[in-house]
Amino acid sequence: MAAGNIRIGGASGFWGDSPEGARQLILSGEVDYVVFDYLAEITMSLLGRARAKDPAMGYAPDFIADVIKPFARVIAERKLKIISSAGGVNPIACKEAIERELAAQGVSLTVAAVIGDDISPLVPELRQEDVKDMKSGAGLPSGVSTGNAYVGALPVAAALREGASIVVTGRAADSALALGALVHEFGWQPHDYDRMAAGSLAGHVIECGPQSTGGVFTDWREVADGWDNIGYPIVECAADGTFTVTKPTGTGGKVSMATVAEQICYETGDPGNYVLPDVVCDLRSIAVVETGPDRVLVSGVRGKAPTDTYKVSITYQDGFRSIATLMVNGRDAVEKAQAMASAILKKVRRILDREGLGDFDDVSTEILGAEATYGPHSRSGANREVMMKIAARHRSRAAMDIFAREIAPASTSMGQGTAGVMGGRPKVQPVLRLFSMLLQKDRVNLSIVVGDKQPLDVPVPVEGQSLPAAVPDEVRAVAFPQGETVSVPLVRLAYGRSGDKGDDSNIAIIARRPEFASEIERQLTSDAVKEYMAHVVAGPVQRFAWPGLNGFNFLLHRSLGGGGIASLRYDPQGKAHAQMLMDFPIKVPADWVERGLLAA
């Protein structure tokens, strides 16, 4: 059992993140573990297609090329431990590829793979059971590409306990990679709910790489000078579950209450019931305190018994899509671009009808540069240079081939000042959709393969609570401040961060000063957000109070046009939603402005 703090660095937030994160953390001498998060639902589909073409693939080869190959000797010499979800849909193949590279370099390290998250063999059985999507209530579709349970930290901890220096997983929860290291090092037990929740939050803070060290920060000017060398996050974790967030010495970016708090809120829903495989976290009373330059202490996390189910994500193909862009300039560029988009769709529809292919399933037009994503809140004025984005979805690839063919001719047959297709003829891609459901944990058998040993089963407690119901906070009547007031944009009172979960997005709003929270609470109600964001939100909006952060979390249902690669929007993950809401007008006492309390 570890006697002191355990230092874990987060070197990758997604498959395709910069390899500089690995270099920075592995060579820093400031970490004991480095974790690499590679997976998202769509990534699983892409890896599933790769495995279908070649049974030896289906994992993230970048992990071997960018981490193992250049740093194997350093990892061994410094006795670092590496944990990664690079196994994708084929963890055993990933393990074997790592072992081949280590052998080629003459480096002796034990590699382990976590297996069992793939529930594809259960699909016929689940279809017979008539399972339903947990959001839409739809039945299980045909043409399933991948099916994986979000598993937890216990198999990772077991692999480390068996002597592994490198552990690769399939579809583990992002935060489980770091939690597995802490369970191993501190001997935490599954029922140590507060510690399991704290370790999960530590993993959540670093799972998206530099998003907690100044990346995508509301006050971007404070960190822009360091973006070229932004520091990847490190959490220094204590046995009691408290942890300090920092970054490697000499790197850019910033670790502050605000940067860490924004990341804590990222891609969450009800902060009182943040459901993970190992524990249900209650994050409402957390404390986030700056203790020094680029050092933030996080404490006060509480945990509850986990659910008796895993969340399962099943991906399937549902037609084809294509997204094209044309640059349009000159006077009345916005009107011209809109007319061109309308004409292209009208022309292609006429061809589809002639060929007996039927109409599109969905289309989307956005005039980028005219603040299209802001809808009725656009302030673009008379732009003379815009990008016309036009996208469509159809069940037939032949129909989408026609669409892709008819984009470039607009540069000679339509509006003057059209610069042509950016990057050549637009690609036609399969539409990959997500079916989400809950599956009893006792139907998922997890095991580890360590080195050349036989698979070892990893028991996971299956007793637990049912999925806790989300309880939004009570919406209060709007009551503006007494005395003279002025209207200011929300950004002057708050930080904001948005993210996605399937077809839903969340927007977290964190008051810059505690006294601002009451005015935000009174005026930024769920109904107010629903009305302001009506141009992107098709479902209800829920608001959750977050007292420990002096903030609120808004969950916007059906706000991403299907989400992920199924969406035709330019922002299918809601990354810009918080920025839109930052212009929401809030009435505040004039005295606050006179005293200089608001952000500039």
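The values are calculated or read from the model by the stated rules, or taken from the named source; none is laboratory data. These numbers were taken from a predicted model, which means no experiment stands behind them. Positions of Cβ are generated from backbone atoms using ideal geometry, with glycine treated the same way; all protein chains shown enter the neighbour counts. Ligands, DNA and RNA are stripped out before the accessible areas are found, and what is left, the full protein with its side chains, is counted by its heavy atoms. Shrake-Rupley method; radii C 1.70, N 1.55, O 1.52, S 1.80 Å.
List of remarks:
- Flag for D118 being of a type in the set (D, E, K, R), in contact (Cβ under 8 Å) with a residue 40 or more places away in the chain, open to solvent by 10 Å² or more (accessible area, probe 1.4 Å) and within 20 Å of A93 (Cβ to Cβ): yes
- Yes/no for A112 being at pLDDT 95 or above and open to solvent by 20 Å² or more (accessible area, probe 1.4 Å): no
- Test result for S256, open to solvent by less than 10 Å² (accessible area, probe 1.4 Å), more than 30 Å from G139 (Cα to Cα), out of contact with any helix residue (DSSP H, G or I) (no Cβ under 7 Å at 6 or more places or on another chain) and modelled with pLDDT of 95 or more: yes
- Selection status of V301, surrounded by 21 or more Cβ atoms within 10 Å (Cβ to Cβ) and closer than 26 Å to H577 by Cα: no
- Residue in region 457-465 that is of a type outside the set (G, A, S), at pLDDT 90 or above and touching a Pro at 6+ places or on another chain (Cβ under 6 Å) present: yes
Here is a yes/no grid of residues against (1) over 27 Å from the mean Cα position of the chain (by Cα); (2) open to solvent by 20 Å² or more (accessible area, probe 1.4 Å); (3) touching a residue at least 60 places away in the same chain (Cβ under 8 Å):
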residue	(1), (2), (3)
S342	yes, yes, no
L352	yes, no, no
E371	no, yes, no
G375	no, yes, yes
S380	yes, yes, no
R397	yes, yes, yes
D401	yes, yes, no
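- Filtered by the rule that a residue be at positive phi and out of contact with any helix residue (DSSP H, G or I) (no Cβ under 9 Å at 6 or more places or on another chain), region 554-598 gives R558, G561, G562, G574, G596.
- Residue ID - least open to solvent (accessible area, probe 1.4 Å), chosen from residues in region 563-583 that are assigned to a loop (DSSP other than H, G, I, E, B) and out of contact with any strand residue (DSSP E or B) (no Cβ under 7 Å at 6 or more places or on another chain): S567
- Summed over region 382-391, residues that are open to solvent by less than 70 Å² (accessible area, probe 1.4 Å), out of contact with any Lys or Arg (no Cβ under 7 Å at 6 or more places or on another chain) and part of a strand (DSSP E or B) total 5.
- Residue check, D282 touching a Gly at 6+ places or on another chain (Cβ under 6 Å) and closer than 30 Å to V471 by Cα: yes
- Here the strands (runs of 3 or more DSSP E) wholly within region 1-119 that include at least 2 residues being in contact with a strand residue (DSSP E or B) (Cβ under 9 Å, 6 or more places away or on another chain) and under 24 Å from G564 (Cβ atoms) are 6-12, 33-36.
- In region 1-24, of all residues being more than 17 Å from C208 (Cα to Cα) and of a type outside the set (A, V, I, L, M, F, W, C), the one that is most open to solvent (accessible area, probe 1.4 Å) corresponds to N5.
- Residue within region 180-188 that is in a loop (DSSP other than H, G, I, E, B), surrounded by fewer than 24 Cβ atoms within 10 Å (Cβ to Cβ) and over 19 Å from the mean Cα position of the chain (by Cα) present: yes
- Residue, surrounded by the most Cβ atoms within 10 Å (Cβ to Cβ), within region 537-559, restricted to residues that are in a loop (DSSP other than H, G, I, E, B) and in contact with a strand residue (DSSP E or B) (Cβ under 6 Å, 6 or more places away or on another chain): S559
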